[in-house]
Ligand SMILES: Nc1ncnc2c1ncn2[C@@H]1O[C@H](COP(=O)(O)OP(=O)(O)OP(=O)(O)O)[C@@H](O)[C@H]1O
Ligand SMILES: [Mg+2]
């Protein structure tokens, strides 16, 4: 038994612990496929509707070149679809299991919390990518867009690096139900909604009032959108987006440890005050 | 390795009273466990009985690392559970009064998840799960969503989940609540077998006094978070016998007399409102 205790959590076995969460989330996702369909339809409708605004703006204007605006809005809605998928998946880490009633059995298992959260994040990111790719593919049927300018390498790099800090934001939102069992999940949805306002999803952040731009500055989603638009609209390569990538990486380096620390703190707060679960 | 499976020393826990995070103070604190100490020997089944709200689940939660004690220590096979949390957790598992599963996932998917997070591999889990569920008459329901199982069947899957990881310290919090008499016997028999064959040590809470007497080597009685008596079932019965022949003193009598509530009193309360 000493060997179990001593030799745990190295290499493969640590990865296997994280993968247990990925596998569980996949099973849940299969059982709730109806919801996936709802989100997919919602995502497609939202994407098409918002992008049609560009067509509306161009209507009646002679020689209007709206292709830039179409692409700008399309990217905004797709990135938002991705962000909300990832934020929602990961930030339900506590709330979902509270609802199922499994929370205590999961949290008492000998899994270091960071491996638990890593598994949730890996699934959330994969899930978000799949859903967004589907929305993108379907939305393309509605528009005639020239993607000749897209720099794929820069695009992939921005998505990957940005996802790390998005996961960290989601973990911070997900710990709120540990602190506030009744209202935590509402609060965590408000965190998500605020990102929509300040990050320049549908407009350049410069149009925001100055005091709100402060929040744009500290939202990783702002740089995420910047990077994606640079790679997809302006065709910038890896070297051109290096600055944005650097900022996103810095967010990751700061926010990942911060979110893990905060989660652990919230968990121990819940265990001190009996807020994990009351009944039984 | 240290040989005492569970050692609880001067344990106390109260709820409320502390400052809420960035919020107002809660009302008066409620003491759920007060200065409780006991030890369980290797291979023992140790019962904890007490009225509703006497602190049994709170005690079990603290041992499971789900609640942090205000004061006192808990060590599992010599490991202080706060300093060696992950190592201690690997040695423990628990059955809670409510089955608590992912309702739309099958029993097998649930068991796969809950055992994988204890570091087990899928092949081993499937083999052991089939074996345990077979002994509990549930082998043919393993692929159905948990929702389709009755509460009692779910409780049996919960028992399987706990034993699947081969814990050396098992915490059974009302494991047979909601089971029919035959299933109850089945689970009790299973618990006894596991103890004998796998050298497991078991802490059991129950409201079923027959179960306590039949299964437990020693029993502690909790009243308002205090252990007010501890001993073998026979010792406890002898203690309250007071000249009566032992056959007339059941564990039920022991419970009612030591927890300060006699049946007559209850009847009086009923009669006089
Ligand atoms: N998370 C919590 N927050 C606040 N109070 C709690 C919490 N958990 C337990 N309590 C209180 O602590 C006391 C002991 O509760 P506990 O659940 O341990 O009792 P129990 O002996 O398991 O009861 P039962 O037989 O009904 O299961 C009760 O007064 C209960 O209200
Ligand atoms: Mg209880």
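Over all directions, the projected convex hull of the C-alpha atoms in segment B:114-157 averages 3.2 nm² in area. Derived value for segment B:6-272: Kirkwood hydrodynamic radius 19.8 Å. Basis is the mean of 1/r over every pair of different alpha-carbon atoms. May I ask for the angle, rounded to the nearest 10°, between helix A:33-58 and the longest principal axis of chain A, with both axes built from Cα atoms and the value confined to 0 to 90°? For A:33-58 against chain A, the angle is about 30 degrees. Ordering B:213, B:144 by the number of other Cβ atoms within 10 Å of each residue's own Cβ, fewest first, gives B:144, B:213. Treating each Cα of segment B:25-75 as one equal point scatterer and applying the Debye formula with no solvent, the log10 of I(q)/I(0) at q = 0.24 Å⁻¹ comes out as -1.15.
Let me have the relative contact order for chain B, percent, based on Cα pairs under 8 Å that are six or more residues apart.
The normalised contact order for chain B reaches 23 percent.
Relative to the dominant Cα principal axis of chain B, helix B:263-272 is inclined by about 70°. Among A:79, A:48, the order by Cβ neighbours within 10 angstrom, fewest to most, reads A:48, A:79. How many percent of Cα pairs in segment A:42-99 exceed 15 Å? I get 59 percent for the Cα pairs in segment A:42-99 exceeding 15 Å. Between segment B:163-184 and segment A:178-197, what is the C-alpha centre distance in whole Å? The two parts, judged by their Cα centres, are 38 Å apart.
Using just the alpha carbons, could you tell me how many Å³ per residue the convex hull of segment A:154-280 encloses? Show your work: numbers first, answer last.
Details: hull volume 14.6 nm³, N = 127.
Normalising the Cα hull of segment A:154-280 by residue number yields 115 Å³.
Could you work out the mean count of beta carbons from other protein chains within 10 Å of each residue's beta carbon in B:89-95?
Working: counts 6, 6, 4, 3, 3, 3, 1.
That works out to 4 on average.
If R₀ is 30 angstrom, what is the calculated FRET efficiency for the pair residue B:28 and residue B:52, using the beta carbon separation as r and rounding to 0.05? Computed FRET efficiency for residue B:28 and residue B:52 comes out at 0.90.
If you model chain A as an ellipsoid using its alpha carbon gyration tensor, with each semi-axis the square root of five times an eigenvalue, the axes come out at 37, 20, 19 Å, biggest first.
How big is the convex hull of the Cα atoms of the protein assembly as shown, per residue, in Å³? Numbers along the way, then the final one.
Numbers: hull volume 105.0 nm³, N = 553.
So the per-residue Cα hull volume is 190 Å³.
Computed over the Cα atoms of segment B:123-273, the ratio of the radius of gyration to the Kirkwood radius (Rg/Rh) comes to 1.06.
Here B:166, A:259 are placed in order of increasing Cβ neighbour count within 10 Å, fewest first, which gives B:166, A:259. In this simple spin-label model, placing a label point 7 Å from the Cα along the Cα-to-Cβ direction at both residue A:37 and residue A:187 gives a separation of 3.7 nm. Distance between the 7 Å Cα→Cβ label points at residue B:234 and residue B:140: 4.4 nm.
Semi-axes of the equivalent ellipsoid for segment B:1-131, please: Cα gyration tensor eigenvalues, times 5, square-rooted, ordered largest first, whole Å.
Details: eigenvalues 176, 88, 44 Å².
Whole-Å semi-axes of the equivalent ellipsoid: 30, 21, 15.
Helix A:242-273 and the longest principal axis of the C-alpha atoms of chain A enclose an angle of approximately 30°. Calculated mean residue ellipticity, 222 nm, chain B: -11500 deg cm²/dmol, from DSSP H runs (n ≥ 4) at -39500 (n - 2.57) each, averaged per residue and rounded to 500.
Kirkwood-type hydrodynamic radius, segment A:103-150: 13.8 Å, calculated from all non-identical alpha-carbon pairs. Inter-chain Cβ neighbour count for B:31-40, averaged per residue, equals 0 (cutoff 10 Å, partner chain atoms only).
Laboratory data are not the source of any read-out in this text; all were calculated from the coordinates shown. Remember, predicted model here, so these are calculated numbers, not experimental data. Cβ: placed from backbone, ideal geometry, glycine included. Neighbour counts: every protein chain shown.
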